[in-house]
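First the structure, in the form of structure tokens, and then the observations on it.
The values are calculated or read from the model by the stated rules, or taken from the named source; none is laboratory data. Note that this is a predicted model, so its numbers are computed, not measured. A quick note on method: Cβ atoms are made from the backbone with ideal geometry, for glycine too, and the neighbour counts reach across all protein chains shown.
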Amino acid sequence: METDYIKDTLANAKLDQVSFVLALRDVVGGINVLRSLLDVSKERWSRFTNAENGDHLIKGVAVSTVKSDAIQTYVSYIIKTYMQSRGVRITAWTKNTIASDNFTNKAIVGITSGHTFETHEELFKVIATRLIGFDDALVDMAVSTDNGEIAKLLAIYLASRFDLIDTLEGVEDKLAKQIGFFHALLDTQGFTPEFFNHKIQQAQNHFDTPADDDHFHIFDQMRLLTYYP
């Protein structure tokens, strides 16, 4: 007979697993939003050229008033576009905070203007991480076009977020199965609503089934996600 402690442990583990699945869903959705913002970044970056000689106003420029004004315009447009997005739940702070914290925004833009950028991706990453609040790994996933690299970043990000690893040393070997699992899903566009609902149902069934000779409980969220087909 299960004790109250065991019941509570299994109930909490089930909630943790559901949270993990939903976090994965949020990451996939967030990456899609970031990719849309990247397209906006590329288009906006291309506009910052000197009408007289064609020189770029930001690329390769160390310090100039024109560059600072261009970056301010760039940032304002990226933020405005982000504010119109829906369903992003993986940033460090809310849209209300981004919109209201004018001091921080100006400080970050000021610091950014002092850096030299060669590509729109470099500038975008600074704004997306330090101003909007996305994790570095999420932006790296959005920028990458290599599903193998994205799968690795995704597995490491989730393992780090849920404290499933203590160090990054040898992490690719430790998470090899999970990385392969994500890689296959990315290749087949398998991150669908049906996939996430299925994984939540599996979590419920897994922890609602008593442990016996044929069933044991897995408490590692990443391992459980890939344990069942």
**Request:** Kindly list, by first and then second residue, each pair from a residue in segment 208-229 that is in the same structural domain as LYS174 (by TED's automatic domain parsing) to a residue that is assigned to a loop (DSSP other than H, G, I, E, B) and of a type outside the set (A, V, I, L, M, F, W, C), limited to pairs with Cβ atoms under 8 Å and residues at least 6 apart or on different chains.
**Result:** PRO210/GLU2; ALA211/HIS217; HIS215/THR209
**Request:** Might you let me know whether segment 51-61 holds any residue that is buried (at least 18 other Cβ atoms within 10 Å of the Cβ), in contact (Cβ under 8 Å) with a residue 12 or more places away in the chain and assigned to a helix (DSSP H, G or I)?
**Result:** no
**Request:** Would you check if there is a residue in segment 116-127 being more than 22 Å from the chain's Cα centre (by Cα) and of a type in the set (S, T, N, Q)?
**Result:** yes
**Asked** What number of residues within segment 29-46 are surrounded by fewer than 19 Cβ atoms within 10 Å (Cβ to Cβ) and farther than 18 Å from ILE58 by Cα?
**Response** 4
**Request:** Of the numbered conditions (1) assigned to a helix (DSSP H, G or I); (2) closer than 18 Å to VAL75 by Cβ; (3) not charged (D, E, K, R), MET141 fails exactly one; give the number of that condition.
**Result:** (2)
**Request:** Would you mind finding the one in VAL88, VAL27 that is of a type in the set (A, V, I, L, M), at pLDDT below 95 and under 30 Å from THR226 (Cβ atoms)?
**Result:** VAL88
**Prompt:** Would segment 96-105 turn up any residue that is in contact with a helix residue (DSSP H, G or I) (Cβ under 6 Å, 6 or more places away or on another chain) and within 25 Å of TYR157 (Cα to Cα)?
**Reply:** no
**Complete:** ASN96 passes all but one of the listed conditions (1) closer than 20 Å to LEU131 by Cβ; (2) surrounded by 12 or more Cβ atoms within 10 Å (Cβ to Cβ); the exception is number (2)
**Asked** Do we have PHE134 as under 30 Å from ILE78 (Cβ atoms), assigned to a loop (DSSP other than H, G, I, E, B) and of a type outside the set (S, T, N, Q) here?
**Response** yes
**Item:** Test: residue in segment 173-186 that is at positive phi and modelled with pLDDT under 95
**Value:** no
**Item:** Residue list for segment 33-50, restricted to those being in contact (Cβ under 8 Å) with a residue 60 or more places away in the chain, closer than 23 Å to LYS152 by Cα and of a type outside the set (Lys, Arg)
**Value:** LEU34, LEU37, LEU38
